[in-house]
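One structure below.
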Amino acid sequence: MLEFLILGPLEVRTDGRLVPVHGFRQRALLAMLLVHANEVVPSGRLLDELWGAGPGTDTAVLRVRISQLRKVLRSAGGDELLQTRPPGYALKLDRDRLDLGRHERLAAEAGLMPGHDPARAAVRFREALGLWRGPPLADFAYEPFAQTTIGRLEELRLTTVEKWIDAELAAGREREMVGELGTLVAEHPLREGFRAQMMLALYRAGRQAEALEVYQQTRSLLIEELGVEPAPALQQLHSAVLAHDPSLDRLPVQRPASIIASAAAPAPPAAVRREVRKTVTILVCDADPAGLGGRLDAELLRGVMERCHQASAQIVTRHGGTVETSAGDAVMAVFGIPAAHEDDALRAVRAAVEVRRALAALNDELDAQWKVRLSPRFGLDTGEVVTGDAVPGRALISGEAVHVALGLQRAAGPGEILLSEATCRLTRGAVRAEPVAPAGGPRRRPGDLAPIRHPICGPCPRAGPAAQRLRARRWREGAVPVHRVRRGRHRQVAARGGGPA
């Protein structure tokens, strides 16, 4: 395969053999097209940056170099790579033909792993860093066209190095990383990220005094060189080291929810469990990874779903809810346990809207990297449930509300939030919604709507005539949620309002 290397001196290789590209200007032309791979670079810009030619300059010299470069690529098996695209030229490349593209892919894959397998994430980060053969575009270090790109690529490398060290520290290799960090701190004395990692590694290695000394050296250097104090994050780390804060200890490796559930402790005997009845709001969210099947490695898919679950759990907790289960692809949360609030139903709706927004942001990342997207679906119901003592990995609640919320979630379309009548009634005045017919059937008069059914949870009588589709627009921080009902058959949804209650 023909491949191009810019993470070091410019090279072109095919099946491991070097492809000669002669002449400084021709090499510079190829480098500039690689820097802007899959983009159309105007002829005028190429002439200006590579030859210093002004407007109106004859483009014959550029056409000659393009023709020569095409011959080189054609002889190496890249017939259709260099294309003429008015007003200039474009080099069309798959990401894995360019070492920069492979680096970005490996780093992105490693970023999905640290929570549950930091050791493997560290290995993947090392693979990404192993593609660097020296300073990027080293043979064009003094060329104007390469200056900005060289700076960007060098920052990319350092950011990847920081992530690699984070993964190594999470895997318990703090002693091994102290020497590496010492070299990095010496090479980049003003980069506080490396100094923070050095402090943490020394502290976890039982060298608290040396960790504190690193901070004092950093503070003196910053004051002397720049006249500023260390960043707040470094100051907080210093205080935590002084206090032996437990948060500095290495966290246990997180295991997937399915493994945690299977290893859960057995439930206590029924005789010693306390059971009470409570009115709560149930929120069920399923990110629906069906569109990812076969398009991502199983391990990467697991990492994606864990990120979905973690993001959902954080948002639910911030809004006052409790994550009840996080198994398989679905997350079920309950609002009203252990503490009940008058606005638990509204908290649940607001959490659903924020989760949907968070998953939309994750979708952008997945689409850019692997051309795949998630399809989150939400269902909410409010009702009485029976709840008992907390038992790790076991359901704490049971009741019809759980089945109704599950049925609504499964009946929802991609990106939809379905509310039962009970939840809609409690949030009236805070959201706007419109009635929807049961899944798979035409819209009828409200009184004629049949209940939503699901082959597992069965009929959901309270979900039929009053099921509501929430179409929430952006939530603006600091505003109070407002509900407005349009006259006529439909209630249009527009939610404005603040963050967590």
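The protection proxy used here, the mean number of other Cβ atoms lying within 10 Å of each residue, ranks peptides 36-44, 102-110 as follows, highest first: 102-110, 36-44. Averaged over its residues, the stretch 1-102 has an accessible area of 47 Å² per residue, based on protein heavy atoms and a 1.4 Å probe.
Got a number for carbon plus sulfur as a percent of the stretch 1-61's accessible area, 1.4 Å probe?
53 percent
To the nearest 10, the accessible area of Arg425 is 130 Å² with a 1.4 Å probe. Each of Val21, Val40, Trp51 was scored by the projection of its Cα onto the charge dipole of the stretch 1-62, and the greatest displacement toward the positive side belongs to Val21; charges sit on the C-beta of Lys, Arg, Asp and Glu.
A simple rule links phi to the HN-Hα coupling: the Karplus curve 6.51 cos²θ - 1.76 cosθ + 1.60 with θ = phi - 60°, which for the stretch 100-107 gives 4, x, 5, 4, 5, 5, 5, 5 Hz, with x for Gly and Pro.
The overall shape of the stretch 153-225 is oblate: from the C-alpha gyration tensor, with semi-axes ordered a ≥ b ≥ c, the ratio a/c is 1.5 or greater and a/b is no larger than b/c.
Considering only protein heavy atoms and a 1.4 Å probe, what is the carbon-and-sulfur percentage of the accessible area of the stretch 86-231? The C+S portion of the solvent-accessible surface of the stretch 86-231 is 52 percent.
The values are calculated or read from the model by the stated rules, or taken from the named source; none is laboratory data. Note that the coordinates shown come from a computational prediction; the quantities given were computed from them, not determined experimentally. So basically every Cβ, Gly included, is an ideal-geometry build from the backbone, and we count neighbours across all protein chains shown. These accessible areas exclude ligands, DNA and RNA; they are computed on the full protein's heavy atoms, side chains included. Shrake-Rupley method; radii C 1.70, N 1.55, O 1.52, S 1.80 Å.
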